[in-house]
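The values are calculated or read from the model by the stated rules, or taken from the named source; none is laboratory data. Computed from a predicted model, the values in this text were never measured in an experiment. Virtual Cβ from ideal backbone geometry, glycine too; neighbours counted across all protein chains shown.
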Amino acid sequence: MAKDWREIEFVSAALILAIAVAAAIAFWPLAGAVIIAASLAVVLMPLQRRLSRLMPEALSAAVITAGVIAILLAILAFAAAVIYQNRQLLFDVITGVLEVIRELPEADLPFDLPDPGQYLDIAATEIGQAVGQVVFTWAPDAPTLVFQAFVLFLALFMLVLSGDRIAAEILSTLPERSLRPINILTKTMSDTFYSIYVVHAGTAVITFFFAIPFFYVLGYGHIVFFATITAIFQLIPIIGPGTLMTLLAFYTLLMGDIRGLLLVVLIGLPIVNEVPDLVFRPVLMGQRIRIHPVLLAIGFIGGIAAMGAIGFILGPLFIALGISGYRILIDELSGGSLQQAR
């Protein structure tokens, strides 16, 4: 029988808490890497359970970690190669749009337009300076970033290997009355991480394959490049491929390509943009917990604004846990039985 937490000696509890706080302060620069590793481990532990039936647990954890590293490197290398090979296209598109905009003041319009050229040149200069500043700022931190990546994957290996055991040990110490709400919150956390990693990435991959035939029919060439950019936009919360399609519609309009504009409006926006989200995302999510898109948007935007890049993970998690906590509290106050969070 688990010992009542109220019987734990105060001095021991205070000492353990002090050690935990000191360790958190000392290793705070690595907190982001550990959080990402823990969230990935939660998603990957079911796979670890399956593989560990076929091979030693340590080997299966190593295989999973190596697989994650290989997939991430492959995706980054593919995206970087596609963008680099099509850098001239990016320059030509931007130049073409700027030239059309610069010619607008000379058009026969019933009103005067300010010459946007000077503002565009200033904006281009400022963007170039900002990019240079980012590169200059991050370059000295490159060794630190490599070290953090190393820590991330080591932590991922250890958590995938020992995650189930650690969770079982913690749960075995909790009083019986606390297990049901803890299980609900644990499932909510698992489903949220699943939504962020598996569903989000899966929807981006589906968007990529939807975009390939669309850009083939559009006829601008560079099909893989445009499909890759569309998938990248799908990964960006709130923005999505709809923003890219809107920019593309604006570009076809400026270029006088009515056929292209109709394709973007009738196929790009409703099919490439909407179908992966409205059809495939619910299928990938299955019966797991569902969060209203507006609340999820608040989690992404608020999390990134308040916590930086790590807020992409923690923001939606806190929103989901808050909703589950609210449901648990209402159920407790109403005297009902705790039901699985929906």
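Some values worked out for this structure:
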{"item": "Qualifying positions in segment 48-58 - over 16 Å from residue 153 (Cβ atoms) and not in a loop (DSSP other than H, G, I, E, B)", "result": "49, 50, 51, 57"}
{"item": "Test: residue in segment 109-118 that is at pLDDT below 80, part of a helix (DSSP H, G or I), exposed (fewer than 11 other Cβ atoms within 10 Å of the Cβ) and aliphatic (A, V, I, L, M)", "result": "no"}
{"item": "Test for residue 203: is it under 30 Å from residue 44 (Cα atoms), crowded, with 17+ Cβ neighbours inside 10 Å and of a type in the set (Ser, Thr, Tyr)", "result": "yes"}
{"item": "Residues (buried (at least 20 other Cβ atoms within 10 Å of the Cβ) and of a type in the set (Phe, Trp, Tyr)) located in segment 215-253", "result": "215, 226, 233"}
{"item": "Test for residue 172: is it modelled with pLDDT under 80, loosely packed, with under 14 Cβ neighbours inside 10 Å and under 30 Å from residue 311 (Cα atoms)", "result": "no"}
{"item": "Failed item in (1) hydroxyl-bearing (Ser, Thr, Tyr); (2) part of a helix (DSSP H, G or I); (3) touching a Phe, Trp or Tyr at 6+ places or on another chain (Cβ under 9 Å), with residue 220 passing the rest", "result": "(2)"}
{"item": "Lone qualifier among 69, 36 - being at pLDDT below 90 and surrounded by 11 or more Cβ atoms within 10 Å (Cβ to Cβ)", "result": "36"}
{"item": "Test set (1) surrounded by 14 or more Cβ atoms within 10 Å (Cβ to Cβ); (2) modelled with pLDDT under 80 - residue 194 fails condition number", "result": "(2)"}
{"item": "Condition met for residue 199 (assigned to a helix (DSSP H, G or I), modelled with pLDDT of 85 or more and among the aliphatic types (A, V, I, L, M))", "result": "no"}
